[in-house]
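Undergrad: Sharing a structure here in structure tokens format.
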Amino acid sequence: MPDRENNKADQSFPEIEEIRSRLQRLGYLQSPVERYLSRPAGGPLATVLAVSGKVSLLAGTLLSGLALSATLLADPGFIENPPDVLLFAGYLVLTYTAACFVLVLLPAWFWMRTGRPGAGRRTGGRVRSMLLSGAVSAALCAYLLGWWHITGIGSRVVAPLGIVSLTVLAAILLICMMAGRLAGFLYFLLRGVPASFSGRKGPIARSYLVSAMVVLVLESAWMFGVFRYHVAASSLATTLEQHSARLIPILLVGLDGMDSETLFRMAAGDSLPNMAGLIGNGFTAEVDTREGYLAPQVWNTVATGVAPEWHGINAFTIHTLRGLTRQPYLGPVRPGLETVIDHVFPFLQLVRASPIAASSRRSRTVWEILELFGVPAGVLNWWASWPARPAGGFTVSERTFAKLSLLQRDEQVSPSVYYEHEVEPPAEFDSLAILKSRLDKRFGLMLNFLPVAGNYLEKSLATGAGELVRSVYLADLFYTLAAVELSGRYRVGMLAVYLQGADVLSRIDERTETVQPERIQGLIREYYCYLDRLLGELVQGFEPGGLILVVCEPGKIGRKQGEKGAVIFQGIDVKKGRRAADSFRLEDIAPTLLYLAGLPVDRSMHGHPRTETGEAGAGGASPLRYVSSYGPPPLDRASTPAYRHDREVIERLRSLGYIE
């Protein structure tokens, strides 16, 4: 039976044995693995598919092994659940095998359609074969070194002479040489296999030599770059030691949906007394906005000083792999697997939409930079602050209010049952549940100063729009009171609070037909006054002698209309009563904050410190100092745990008009 199949294959593909004989004389098909991979399968089409599939599976398995090793090094906690590791390995094998199959099948199909090599007049050139092998090896080596570099820096094992790095570099060398060999093999199949060769070394030996030389040059360059990174790391250690005793308390408040024109006009008219006080005693500037940006992009750019394509937060939701109880850190496999997950896996139903998480952020925020100096921070409601991480201070993530709202509906369940890393320390989840239950009484008192909101809620509270508007007011009040309460229990050097209510209210007519556009303007102006009261509570509890930074951004509607935001600096060594002649960029805010705090500015930030904001003094606003890099984000937020209430969080985002 096997003889009949082989005879059938040879009859349908009559020159196959001649081609195999020539390839063997060139140095190919010597090992059992190569002979197995190139075995005919009953006809031209079947042979092409079988060979492409077997070669792709081998290549995908090798690449997946390296990628999985890199992922486990970058995220050691992921190995705690072996089923997750096995399933993720399956995803890797599937992805890389499919990609390799396409890359191998295309030239093989072209070879089959254009005629069999050996029958034509021309054959493949040896020099071109070696150049192609070297080019393929170089491209694959650059890709593998790229994600290994991300892995090494993230896992702190970037020592170029360490046993782990040397082992990986050796594996990369072998894989790249095999890829170069495969490229030469496919080239001869496409262009024709020469019947003989001249010289002491065959094309295969020369291709190996070229591939090895190219890969070794690239790996040597990488090791040189890593040595420079270690020099930068040592300078960072010196910087941290020098500045450990010169830090000042910092308050960062983000107000979404507040444009500069309305802000300055209302502050000048005494409608916003707290804002007016900060403006009169501080430095103000307008902030250029970007129409296409979403809220997570804006506020993570403010926090990191880099553009969204670098910090990695680009949407309200991300794609997560199905079946995993914990999502791994995908840094080591960028851009390959991450691109496939975003663009291919949705068609295969292998991913599901989940709210954004901190593990997607690839750059340090300003509060994570302060942690390097031993300064704990309190972070509340900032986009991509879930899962909350322990860092000496406290975190109340953007999912907390929605989760506590679910808890309030089920009063028979203990708060700890609902806890899923929304708050850090975890014990504060119960205390915040108690705070949430007291909001109605506190908000009822504040309605005495909010006649427009009170009148609207009285008439429409029974409708969906009334309930949504009320939840917007309560959410900003909740995070403000949580900031005041927790900062009283934890001594933090920085407090970062994000309030989004004005942006949501400006788009409330998109969510319901019961709110007339003309009524929204009065509601928004009064909400500015409401935010001013909340800002006053934050400033009142803030330690004197520190730095206050208020960032106002016009929100989705304002960005579409070309409105500008505003930034206010007030505190030690900040010029008083000044206004910048030129607008700030979003990327300028984080480096300027570091400059005014007396800390070196990260050169990798895309923004520039605006030195005109500060005056020379003991706080260290001058002179300006730099550090090459503060390094990658903390390793303990590398992966993302599973979240039982993703659907409810996404529904909350939809009700607020963030997603459709």
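Undergrad: Over 30 Å from S405 (Cβ atoms) and at pLDDT below 85 - does that describe any residue in the stretch 640-650? Break it down stepwise before answering.
TA: Of the stretch 640-650, the ones over 30 Å from S405 (Cβ atoms) are none.
No, there is no match, as no residue in the stretch 640-650 is over 30 Å from S405 (Cβ atoms) and at pLDDT below 85.
Undergrad: Continuing with the same structure: Does at least one position in the stretch 369-381 carry a residue that is aromatic (F, W, Y), within 20 Å of the chain's Cα centre (by Cα) and either surrounded by 20 or more Cβ atoms within 10 Å (Cβ to Cβ) or under 28 Å from L594 (Cβ atoms) (or both)?
TA: Within the stretch 369-381, the first condition is being aromatic (F, W, Y), and the residues that meet it are 373.
Adding the requirement that they be within 20 Å of the chain's Cα centre (by Cα) leaves none.
The answer is no; no qualifying residue exists.
Undergrad: Would you check if there is a residue in the stretch 78-93 being among the β-branched types (V, I, T), modelled with pLDDT of 80 or more and part of a helix (DSSP H, G or I)? Steps first, answer last, please.
TA: Initially, the stretch 78-93 is screened for residues among the β-branched types (V, I, T), giving 79, 85, 93.
Restricting the remaining residues to those that are modelled with pLDDT of 80 or more gives 85, 93.
Narrowing the set further to residues that are part of a helix (DSSP H, G or I) leaves 85, 93.
Scanning the stretch 78-93 turns up at least one residue that is among the β-branched types (V, I, T), modelled with pLDDT of 80 or more and part of a helix (DSSP H, G or I).
Undergrad: State yes or no: is T262 open to solvent by 50 Å² or more (accessible area, probe 1.4 Å) and at pLDDT below 95?
TA: Details: open to solvent by 50 Å² or more (accessible area, probe 1.4 Å): no; at pLDDT below 95: yes.
In short, no.
Let's see how each residue does on (1) at pLDDT 65 or above; (2) at positive phi; (3) not charged (D, E, K, R):
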| position | (1), (2), (3) |
| --- | --- |
| T301 | yes, no, yes |
| G305 | yes, yes, yes |
| I318 | yes, no, yes |
| G331 | no, no, yes |
| H343 | no, no, yes |
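Undergrad: Please determine, by comparing only the residues of the stretch 279-291 that are more than 12 Å from R585 (Cα to Cα) and either of a type in the set (V, I, T) or without any contact (Cβ under 8 Å) to a residue 12 or more places away in the chain (or both), which one is most open to solvent (accessible area, probe 1.4 Å). Reasoning before the result, please.
TA: Here is the first cut: in the stretch 279-291, the ones more than 12 Å from R585 (Cα to Cα) are 279-284, 291.
Now drop any that are not either of a type in the set (V, I, T) or without any contact (Cβ under 8 Å) to a residue 12 or more places away in the chain (or both), which leaves 279, 284.
On the way: I279: 35, T284: 5 Å².
Per the stated criteria, the residue is I279.
Undergrad: Hey, another quick one. Considering P600, P609, P623, which residue is over 21 Å from the mean Cα position of the chain (by Cα), over 27 Å from D259 (Cα atoms) and either modelled with pLDDT of 85 or more or surrounded by 19 or more Cβ atoms within 10 Å (Cβ to Cβ) (or both)?
TA: Values: P609 fails: over 27 Å from D259 (Cα atoms); P623 fails: either modelled with pLDDT of 85 or more or surrounded by 19 or more Cβ atoms within 10 Å (Cβ to Cβ) (or both).
Unique residue meeting the criteria: P600.
Undergrad: Okay, moving on. Quick one: is S207 in contact with a Ser or Thr (Cβ under 9 Å, 6 or more places away or on another chain), modelled with pLDDT under 70, crowded, with 22+ Cβ neighbours inside 10 Å and under 22 Å from L103 (Cα atoms)? Spell out the reasoning first.
TA: Numbers: in contact with a Ser or Thr (Cβ under 9 Å, 6 or more places away or on another chain): yes; modelled with pLDDT under 70: yes; crowded, with 22+ Cβ neighbours inside 10 Å: yes; under 22 Å from L103 (Cα atoms): yes.
Yes.
Undergrad: Only one of these conditions is not met by A276: (1) in contact (Cβ under 8 Å) with a residue 60 or more places away in the chain; (2) more than 30 Å from F373 (Cα to Cα); (3) surrounded by fewer than 24 Cβ atoms within 10 Å (Cβ to Cβ). Which number is it?
TA: If we test A276 against (1) in contact (Cβ under 8 Å) with a residue 60 or more places away in the chain; (2) more than 30 Å from F373 (Cα to Cα); (3) surrounded by fewer than 24 Cβ atoms within 10 Å (Cβ to Cβ), just (1) comes out false.
Undergrad: Return the residue satisfying two criteria in turn: it lies in the stretch 571-597 and is open to solvent by 50 Å² or more (accessible area, probe 1.4 Å) and among the aliphatic types (A, V, I, L, M), and of such residues it is modelled with the highest pLDDT. Explain how you work it out, then say what you get.
TA: Taking the stretch 571-597 first, the residues open to solvent by 50 Å² or more (accessible area, probe 1.4 Å) are 572, 576-579, 581-582, 585.
When the remaining residues are screened for being among the aliphatic types (A, V, I, L, M), the result is 572, 581.
Numbers: I572: 80, A581: 90.
Filtering first and then ranking leaves A581.
The values are calculated or read from the model by the stated rules, or taken from the named source; none is laboratory data. Because the structure is predicted, anything quoted here is derived from the model rather than measured. Neighbour counts are summed over all protein chains in view; Cβ atoms, including those assigned to glycine, are modelled from backbone coordinates with ideal geometry. Just so you know, the surface numbers come from the protein's heavy atoms only, side chains and all, with ligands and any DNA or RNA stripped out. Shrake-Rupley method; radii C 1.70, N 1.55, O 1.52, S 1.80 Å.
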